[in-house]
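In what follows, a structure is listed as structure tokens, so that the remarks can point back to it.
Just so it is clear, none of the values below were taken in a lab; they were calculated from the coordinates. Source: prediction; values computed, not measured. Note that we place each Cβ from the backbone using ideal geometry, even for glycine, and neighbour counts take in every protein chain shown.
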Amino acid sequence: MSRIFITGSTDGLGLAAASTLMDDGHEVVLHARSNERALAVADLRPKALAVVIGDLSSGAETRSIAEQVNKIGRMDTVIHNAGIYSERSRGSTLEGHAKILAVNTLAPYLLTAWIDRPNRLVYLSSGMHRSGGGLIDDIDWKRRAWNTSQAYSESKLYVATIAAAVARHWTEVISNAVDPGWVPTKMGGPGAPDDLKMGYQTQTWLATSNDEAAKASGAYWYHRQQRQPAAEVTDAAYQDRLMDELTELTGVGLFNSISSRSP
């Protein structure tokens, strides 16, 4: 039995993964953006270990999420599932960041630094990450004209790169990125052609399986098969440049943070 925390687990892939893991006897900590959103999983509360509340677009609330999780106890696995796609404008969080960057990249980065280090980490990326390449000089969209599709693609490139960087630096942790495919969720739309079940089962498999294949680290997965990600993801120099940029944006250094403590 494993203890697993899943961000964005009130609907879509996160909810499906959480339900599957609980049915398999694992202890699952759910996450909702607000108390109102938590009502969507009211029927699962009796089966869940806990529900933590916090808006991932807020740095302060992201810190609170980490504190709530750490108070429950050390997780075996953390699945960074939450994400947003379509934003008409850059937006501005309380910390001044573009909302897509804040939720899709900064939140998993910060939670990785602040949550007691688990045995396994799973980060949700997207096939669109392959369109996210380019110079890391305006990742927060302060100078460029806003493009929601490009911002999403970049954010998913960054989170896949975080997964690979964690695998490189924390060799005792199994860290992987997952492309769930274009699946019929609220984000993907009802006409999405990919297999929803394989989308979330890849997460659950990587989170808990003792299969040797699931114990690989630093890989990029699609439907339980390793795929080659964009070249930037596995480029150590690119990883280092991105980590430096994220450290500057957040004030938190992932690989030298005192919050990134070993179990």
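Across TYR220, TYR158, TYR85, mean-square fluctuation computed from a Gaussian network of the chain (C-alpha pairs under 10 Å connected) peaks at TYR85. From most to least packed by mean Cβ count within 10 Å, the peptides 171-177, 109-115, 38-44 give 109-115, 171-177, 38-44.
By DSSP, what percent of the beta bridges with both residues in region 3-250 are antiparallel, rounded to the nearest 5? Close to 10 percent. Relative to the Cα centre, the charge distribution of the chain, modelled as +1 at Lys and Arg Cβ and -1 at Asp and Glu Cβ, gives a dipole magnitude of about 220 debye. For the chain, the Kirkwood estimate of hydrodynamic radius, built from reciprocal distances between every pair of different alpha carbons, is 18.0 Å.
Distance between the pseudo-spin-label points of ASN70 and SER92 (7 Å out from Cα toward the beta carbon): 3.1 nm. Simple spin-label estimate for LYS47 and ASP23 gives 0.7 nm between the two label positions (7 Å along the Cα-to-Cβ direction from each Cα). With a ≥ b ≥ c taken as the square roots of the eigenvalues of the C-alpha gyration tensor of region 1-111, please select rounded if a/c is under 1.5 and otherwise prolate if a/b is larger than b/c or oblate if it is not? Because a/c hits 1.5 or more and a/b exceeds b/c, region 1-111 counts as prolate.
Sorted fewest first by neighbouring Cβ atoms within 10 angstrom, ILE53, ILE6, ILE139 come out as ILE53, ILE139, ILE6. In plain terms, the chain from ASP138 to THR171 could stretch by 8.9 nm, reckoned as 0.36 nm per residue minus the Cα-Cα distance. For the pair ALA236 and GLU212, label points projected 7 Å from Cα toward Cβ lie 2.6 nm apart. With neighbours defined as other Cβ atoms within 10 Å of a residue's Cβ, the residues SER149, SER217 order from fewest to most as SER149, SER217. Judged by the mean number of other Cβ atoms found within 10 Å, the most tightly packed of the peptides 151-157, 54-60 leads the ranking 151-157, 54-60.
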